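Notes follow once the structure below has been shown.
The values are calculated or read from the model by the stated rules, or taken from the named source; none is laboratory data. Just so you know, these numbers come straight off a predicted model, no measurement behind them. Cβ coordinates were reconstructed from backbone atoms using ideal geometry, including for glycine residues, and neighbour counts include every protein chain displayed. These area figures cover heavy atoms from the full protein model, side chains too; ligands, DNA and RNA do not enter into them. Shrake-Rupley method; radii C 1.70, N 1.55, O 1.52, S 1.80 Å.
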Amino acid sequence: MFDTMTLNKIVAGVCGTFLIFLLAKWAATSIYTVGDSHGEHGDHGEHKQAYIIEVPDAPAAGEEVVEIAFADVFATADAAKGERVFNKCKACHKLDGTNGTGPALNGIVDKAVGSVASFSYSNGMAGFGGAWTPEILNEFILKPKALISDTKMSFAGLRKVEERADLIAYLQTVN
């Protein structure tokens, strides 16, 4: 029942399995190894990247960040680009005079804050006062909760001043 030939087959099967795993490891290492043929990885033993991730240059320590004035960017804003930026707003806002999750935005530039009829504003928005000037819209779109802390708007904001300027230029064209 259990003779020498059976034992030889079991040992050969185990050794063959290990041999297959060893050959697979060698093949994978030769295919996926980064570096030259001497087994070195990049310069000074570092791994080379398979692709480059573009990262904007961060200011050096102590270097002052130059802010671009909104008025300068707004003077050259492109309403056509702003229409594309408005796609981020379409989920909540409409331009046809009807309210969605958020109030209708047609004619919003220079309109009184919190004045869209039949929309239920938060107390902070209703009591903010003033008008939606391009400068106030810029500040609000940058980070809504920073300007009006209890706003119902859950949007995080647009970080790029160019996108904000283009969006406001587009909103100026929509009556």
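Brief remarks on what is shown
- Check on GLU139, surrounded by fewer than 18 Cβ atoms within 10 Å (Cβ to Cβ) and at pLDDT 90 or above: yes
- Residue that is closer than 27 Å to ILE68 by Cα and in contact with a strand residue (DSSP E or B) (Cβ under 8 Å, 6 or more places away or on another chain), where the choices are ALA165, ALA146, ALA131, ALA156: ALA131
- All of GLY127, GLY102, GLY107 fail the test of being without any contact (Cβ under 8 Å) to a residue 60 or more places away in the chain, surrounded by 15 or more Cβ atoms within 10 Å (Cβ to Cβ) and small (Gly, Ala, Ser), apart from GLY102.
- Every residue from region 144-168 that is under 15 Å from the mean Cα position of the chain (by Cα) and under 16 Å from GLY102 (Cα atoms): PHE155, ALA156, GLY157
- Which numbered condition ILE68 fails, given (1) open to solvent by 80 Å² or more (accessible area, probe 1.4 Å); (2) modelled with pLDDT under 70; (3) within 32 Å of the chain's Cα centre (by Cα): (2)
- When the helices (runs of 4 or more DSSP H) confined to region 77-175 are screened for residues that are hydrophobic (A, V, I, L, M, F, W, C), those reaching at least 3 such residues are found at 79-85, 134-142, 161-173.
- Any hit, region 154-171, residues being open to solvent by less than 30 Å² (accessible area, probe 1.4 Å) and among the aromatic types (Phe, Trp, Tyr): no
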